[in-house]
Each structure stands twice: as C-alpha cells, then as structure tokens.
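Each remark here refers to the structure printed beneath this line.
Throughout, read-outs are computed from the coordinates displayed, never taken from laboratory work. These figures come from a predicted structure and were not determined experimentally. Counting neighbours? That spans all protein chains shown, and the Cβs are built from the backbone with ideal geometry, glycine included.
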C-alpha cells in the first residue's frame, strides 16, 4: 500500500525529511526515490545518511528539475553516490529540502525473498 499525498504535503525549503530504518547488508538493500512536484522551479535534496549513533556516513546533493516521475535510485547506485564502501544497519536518511514540493521515499528489500517494505519520511 502506498498512500497518496497532496502537493501541500511535500517538503519545503528549510524543512527536512527523515527516513529511518535503512539497511544495506547481506540481508537487506535499500532503494531511494525523490519527486519534485513543484512545476514552478527545480528542487535540491541534500541527503545525508547517519548511523544509529548519529555519525555521518555519507552525503550527496540531488538536483531535480520538475518531474512527476521523479528520480529512482537503486541500492548499489545509492551506496556509490553517498560515498560508502560497506554495509549499514538501521540508518537514518536526512534530506534537507530546497524547493516548494519535494517528496522522498525508500524501500527496504529483503535480499532472499525480494519482498519490499515501503518507507515514508516524516517532515520536520
């Protein structure tokens, strides 16, 4: 089940989106996606990944022109873009928003069964 969101529910400049419970190891992988739903301009998502203790693991800026299909990033590409070389467990992705209607999501995928779990962010 993926719930629908109105444009007013997207992250806005000065807000941050938090997605928790991300894992990339022998058991799970994580895919990440962004959508810039603001037809009036581009969006910038500055993503930083933190471990359970809050230590910064990696960071990357994603520039997004208006695109209702969004930007989908596979697990291996995400790990590479974030500058990571190893596994992580129970990490938190913090996305600093610059734009007027930015959405983010992730899916945690079981490597054995390929069953995904949809992860939605909280907006702060």
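At-a-glance table
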{"read-out": "Modelled FRET efficiency - R0 25 Å, residue 81 with residue 39, Cβ distances, 0.05 increments", "value": "0.45"}
{"read-out": "Inter-label distance, nm, simple model (7 Å from Cα along the C-beta direction), residue 114/residue 60", "value": "2.3 nm"}
{"read-out": "Residue-span extension gain [residue 15 to residue 51] - 0.36 nm each, minus C-alpha spacing", "value": "10.9 nm"}
{"read-out": "Rounded D (µm²/s) - the chain, Kirkwood Rh over Cα pairs, Stokes-Einstein at 10 °C, 1.306 mPa s", "value": "109 µm²/s"}
{"read-out": "Normalised contact order of the chain, rounded percent, pairs of Cα under 8 Å and 6 or more residues apart", "value": "42 percent"}
{"read-out": "Distance (nanometres) between label positions extended 7 Å along Cα→Cβ at residue 26 and residue 90", "value": "1.9 nm"}
